[in-house]
Amino acid sequence: MTLIAELERAAAGFTAALAGAASAAEVESLRNAVLGRKGELAALMSRLPELPADERPAFGKAANAAKERLNRLLEERLAAFKAQVDGASLSRFDPSMPGRMPERGSLHPVTLVMEELCRILNNLGFETVDGPEAETDFHNFEALNFPADHPARDMQDTLFLGDGLLMRTHTSPMQVRAMLERKKPPVAVIAPGKVYRRDYDLTHSPMFHQVEGLLVDDGVNLAHLRGVLTHLLRELFGPDVALYFRPSFFPFTEPSVEVDMSCVICRGSGRKGGEDGCRVCKGTGRLEILGAGMVDPAVFAAVGFDPSCTGFAFGLGVERVAMLKYGIDDLRLFFENDLRFLGRFVK
Ligand code: PHE
């Protein structure tokens, strides 16, 4: 067979193979086999010296023409495959499908409750104040009438930092800071924030939140405290909530009270759905909700106020309120950052 005839046969073979190629990848491998540097066409060209000199130009021309034609065919084929792929992905696009919404963040239930507490109290005229979580012994204990070595310090499971600093065990040091700052009555502040205790189990977390309230003014008495707390708890839990004051002890208030409210689940009956005792209040019909009292004269003295001043203070656990408000029975849920839990509290 002449070289020209071999060239034509190779070209025909390539054309047929191209037509039969099932993918762009197959086309690419044909390009290598036929048109590549070590491909069939190159092999034929290298045999040019076999031809008599006068036939060489014609063969060279024919070979170049064949190469060009085959290249063009190959590019067409590749373009066709590409168009197919684009078409396929377009046909998979369904404009009626719902879009993918970006996940929306939401506020933590503790934040929501804290904001609500502040809103209610701000509306009564209490100003929100803020202070350090790493506190001095003076602000956390001494000025609050906890003398050094007094057993009442035991109740506070303190995390000490050294150098006279500790993690505040309650928000009450903000009473001291607010009075020192204002220098004289009236003082009407609330202090929301984190507090720390060396305690960890089902119902205690080493970090939790409190909101402190303090009112110092002429003639403040226990009835004012009761009025403010009744308003606060009814705003939070509904107009039927009843409050009970129980005598208690805090070094910085005298008298001191522990405030209970009627159970939000069984509405104070102690029963739930008939004969079973209510699980939330353990059948008592009441829930312990906060500590409070009249500011002790020793605290006024420590901050340079006239010890005959009158004032009340209260401190309330935010997680406790959030658990009752949202019916959450495991404190740990607040701190595990599980989005399935946190995503349920959208305002
Ligand atoms: N600070 C107290 C506590 O955390 C609560 C409290 C605040 C009691 C203000 C009385 C007055 O236990």
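Bear in mind that the values in this text are calculations on the coordinates, not laboratory data. Note that the structure is a prediction, hence the values are computed from the model and not measured. Here Cβ is always computed from backbone atoms with ideal geometry, including for glycine, and neighbour counts include all displayed protein chains.
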Whole-percent tail of the Cα-Cα distance distribution for the range 209-294, cut at 16 Å, equals 57
Log10 I(q)/I(0) at q = 0.22 Å⁻¹ for the range 141-257, from Debye over equal alpha-carbon scatterers, is -1.50
Measure nothing fancy, just the Cα-based angle from helix 109-123's long axis to the longest principal axis of the chain, in degrees from 0 to 90, nearest 10.
50
Under the definition of Cα pairs under 8 Å and six or more residues apart, what whole-number percent is the relative contact order of the chain?
15
So the FRET efficiency between A33 and S89, C-beta based with R0 = 30 Å and rounded to 0.05, is 0.50
Sum -39500 (n - 2.57) across every DSSP H segment of at least 4 residues in the chain, then divide by the residue count to get the 222 nm mean residue ellipticity, nearest 500.
-12000 deg cm²/dmol
May I have the convex hull volume per residue, in Å³, for the Cα set of the range 37-81?
58
Say each of I265 and C118 gets a label point 7 Å from the Cα, pointing the same way as Cα to Cβ; how far apart are those two points in nm?
3.0
With P132 itself left out, Lys, Arg at +1 and Asp, Glu at -1 over residues whose Cβ is under 11 Å from its Cβ give 0
Give me the Å³ per residue figure for the convex hull around the C-alpha atoms of the range 109-345.
131
Quick calc, A5 & L51: beta-carbon distance into FRET formula, R0 22 Å, rounding 0.05, result 0.95
Rounded to the nearest 10 degrees, the helix 56-92 long axis (Cα) sits at an angle to the longest Cα principal axis of the chain of 30
Semi-axes of the range 3-91 from the Cα gyration tensor (sqrt of 5 times each eigenvalue, largest first, whole Å) come to 32, 11, 9
Where does each of 86-94, 318-326 land if you order them by average Cβ count within 10 Å, highest first?
318-326, 86-94
Expressed in angstrom and rounded, the centroid-to-centroid distance over alpha carbons for the range 219-275 and the range 125-172 is 25
